[in-house]
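Let me begin by presenting the structure, written as structure tokens, before commenting on it.
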Amino acid sequence: MVRHRRARPVVIIAIAAWVVLVAAAQAVLTFPDYIAINDGEEARLNWGIPLKLQVRADRSGVLRINGSLLQTGWSTVSASSMAIEPLAVGEFALETRLLGVVPFRRVTVDVLPPIQVVPGGHSIGVLLKEDGVAVVGHAPVVDGRGRTYHPARDAGLMVNDLIISINGREVSSVQQVAELVDRQGRLGRPVVLAVRRGDEVERIEINPVYNPDQRRWLMGVWIRDSAAGVGTLTFYHPGSGVYGALGHLITGPDSRNPVDVDQGQIVEAAVLSIEKGQEGRPGEKVGRFSGPTLGTVQRNTEYGIFGRLTRPLPPGPGPETVRVALASQVETGPAEIITVIEGDKLQRFSVEIERIISLRPGGKNLVLRITDDRLLAATGGIVQGMSGSPILQNGRLAGAVTHVFVNDPTRGYGVLAHWMVLHSGLLERLPAPSSEAA
């Protein structure tokens with residue numbers, strides 16, 4: 001019994017040490033490596049029980065930790081939580097050491113000005129003009145005797161090649177290519193193409209073949225000079241005209257390489273009908289370009305397309321302006337989307353943010369589920385053309401719809417509005433912040 005009593009304090013000490021170690025491990029696992037804070041607000045991290053941390057910033061006087069101003073030297077924090085208060089707008093590095101000795105995390109603290117935008121939901125037609133003419137397929141050419149030829153394929157022209165000139169003349173449209181090929185054929189001369197293939201420019205010589213049905217000379221290839229489709233506007237900034245749409249990259253025919261933006265435009269569009277989504281087959285908004293140009297396209301990124309509006313948009317059913325939610329402010333639970341399912345009428349529909357995959361940069365941050373019976377009855381869930389539909393949560397712009405789950409059209413992915421705005425170029429157009437380090 002004596003030995004048992006002596007062992008009891010040892011057991012208690014061991015348990016206490018274990019609790020501290022578990023708490024320390026939890027702090028390590030949950031401590032983020034990126035923290036975004038709006039200027040004038042604070043971020044708070046909690047880990048349950050008091051721990052001894054040492055922190056230092058890469059600049060003096062830009063952050064307060066639990067009320068104390070950080071300098072470039074190490075500061076000790078013994079607390080169960082950490083309140084980070086910014087004193088300047090910008091990106092700062094914060095180093096931390098656990099228990100005063102163990103380095104375990106370098107944190108980027110991104111202090112952003114609060115941003116107000118107008119939520120979208122408008123259907124738009126997207127026209128992206130490419131710098132050249134893209135090859136999207138080969139086609140046989142039948143001559144007057146019924147013989148079949150593949151002039152372009154046999155000469156080495158490949159799908160995804162970009163034709164940039166023909167016989168020394170730059171080309172930018174399907175019509176130009178067709179006219180030059182036909183002209184060379186009538187002259188009895190080969191077509192000499194300058195083709196961009198990856199980072200290289202190839203020279204390819206093709207002998208066109210006359211097709212009596214079309215009454216012109218052909219080289220046997222399918223080509224396109226622009227990418228066109230119907231999508232959804234996510235937001236726009238009323239002061240600068242900067243907008244964001246789609247929430248994902250527009251790619252070429254190989255679905256991997258981005259389409260180069262050249263003279264890109266967005267135009268008004270109307271939804272004529274909906275092809276409902278089914279398991280294994282995504283649905284689609286069937287639309288038409290119904291109006292004039294709305295704006296330019298200047299960026300094509302994994303977070304969507306961005307540019308500037310050239311004319312005002314009609315108001316939607318949501319609030320006139322909303323704050324853009326920081327990544328850390330988005331949570332699982334109820335939300336709404338704004339989109340068009342008939343004509344040009346913007347409507348709000350209920351959804352559920354089921355899971356937050358990642359708060360880090362990337363195009364698939366959220367998993368969404370459509371919960372609105374009206375939208376499910378009309379579309380079956382998320383359909384093509386809905387990409388870019390804004391997601392509103394707690395009075396803020398949380399993100400945008402991006403992709404549908406092929407085997408479950410009621411669910412899909414979303415991208416955070418935080419990353420859309422940071423890649424839109426909007427911050428470059430805002431006035432310089434007035435806050436200063438203290």
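Kindly evaluate residue 334 against the criterion of being surrounded by fewer than 18 Cβ atoms within 10 Å (Cβ to Cβ) and modelled with pLDDT under 95. So residue 334 fails the test.
Listed by position, the strands (runs of 3 or more DSSP E) inside region 45-147 whose residues that are closer than 30 Å to residue 289 by Cβ number at least 1 are 116-119, 123-138. Across region 425-434, a minimum of one residue is classified as surrounded by fewer than 17 Cβ atoms within 10 Å (Cβ to Cβ) and touching a helix residue (DSSP H, G or I) at 6+ places or on another chain (Cβ under 9 Å).
Taking only region 178-193 into account, find how many residues are within 42 Å of the chain's Cα centre (by Cα) and more than 15 Å from residue 205 (Cβ to Cβ). The qualifying residues number 3.
Condition check for residue 374 on (1) free of Cβ contacts under 8 Å to residues at least 60 places away in the same chain; (2) buried (at least 17 other Cβ atoms within 10 Å of the Cβ): one failure, at (2).
Listed here are the residues, each with its yes/no results for (1) at positive phi; (2) in contact with an Asp or Glu (Cβ under 8 Å, 6 or more places away or on another chain).
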| position | (1), (2) |
| --- | --- |
| 71 | no, no |
| 115 | no, no |
| 121 | yes, no |
| 127 | no, no |
| 142 | no, yes |
| 183 | no, no |
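Only one of the numbered conditions (1) surrounded by fewer than 19 Cβ atoms within 10 Å (Cβ to Cβ); (2) in contact (Cβ under 8 Å) with a residue 24 or more places away in the chain; (3) in a strand (DSSP E or B) is violated by residue 314, and that is (3). Looking at region 177-191, can you tell me whether even one residue there is in contact with a Pro (Cβ under 6 Å, 6 or more places away or on another chain), loosely packed, with under 14 Cβ neighbours inside 10 Å and of a type in the set (Val, Ile, Thr)? Taking every residue of region 177-191 in turn, none turns out to be in contact with a Pro (Cβ under 6 Å, 6 or more places away or on another chain), loosely packed, with under 14 Cβ neighbours inside 10 Å and of a type in the set (Val, Ile, Thr). None of 361, 334 is over 15 Å from residue 284 (Cα atoms) and in contact with a Phe, Trp or Tyr (Cβ under 8 Å, 6 or more places away or on another chain) except 361. Residue 431 falls short on exactly one of the conditions (1) at pLDDT 95 or above; (2) outside any strand (DSSP E or B), and that condition is (1).
Examine region 321-344 for a residue that is part of a loop (DSSP other than H, G, I, E, B), within 22 Å of the chain's Cα centre (by Cα) and either within 21 Å of residue 249 (Cβ to Cβ) or without any contact (Cβ under 8 Å) to a residue 40 or more places away in the chain (or both), and state whether such a residue exists. Within region 321-344, one or more residues are part of a loop (DSSP other than H, G, I, E, B), within 22 Å of the chain's Cα centre (by Cα) and either within 21 Å of residue 249 (Cβ to Cβ) or without any contact (Cβ under 8 Å) to a residue 40 or more places away in the chain (or both).
Taking each residue of region 86-110 that is on the phi > 0 side of the Ramachandran plot and looking for partners that are modelled with pLDDT of 85 or more and in a loop (DSSP other than H, G, I, E, B) with beta-carbon atoms closer than 9 Å, six or more apart or interchain, yields 90/59; 90/62; 100/74. When restricted to residues that are over 15 Å from residue 209 (Cα atoms) and not charged (D, E, K, R), region 136-186 contains 20.
Please go through region 278-298 and give me each residue that is outside any loop (DSSP other than H, G, I, E, B) and either of a type in the set (A, V, I, L, M) or more than 24 Å from residue 382 (Cβ to Cβ) (or both), ordered by number. 286, 291, 292, 293, 294, 295, 296, 297, listed by residue number.
Is region 341-352 home to any residue that is more than 20 Å from residue 119 (Cα to Cα), in contact with a strand residue (DSSP E or B) (Cβ under 9 Å, 6 or more places away or on another chain) and modelled with pLDDT of 90 or more? No, every residue in region 341-352 fails to be more than 20 Å from residue 119 (Cα to Cα), in contact with a strand residue (DSSP E or B) (Cβ under 9 Å, 6 or more places away or on another chain) and modelled with pLDDT of 90 or more. Scanning region 361-379 for residues that are closer than 17 Å to residue 332 by Cβ and touching an Asp or Glu at 6+ places or on another chain (Cβ under 9 Å) yields 366, 367, 368, 369, 370, 371. Taking each residue of region 229-241 that is at negative phi and looking for partners that are assigned to a strand (DSSP E or B) and among the aromatic types (Phe, Trp, Tyr) with beta-carbon atoms closer than 8 Å, six or more apart or interchain, yields 233/243; 234/243; 235/243; 236/243; 237/243.
The values are calculated or read from the model by the stated rules, or taken from the named source; none is laboratory data. Everything quoted here is computed from the prediction, not taken from an experiment. Backbone-built Cβ (ideal geometry, glycine too); neighbour counts: all protein chains shown.
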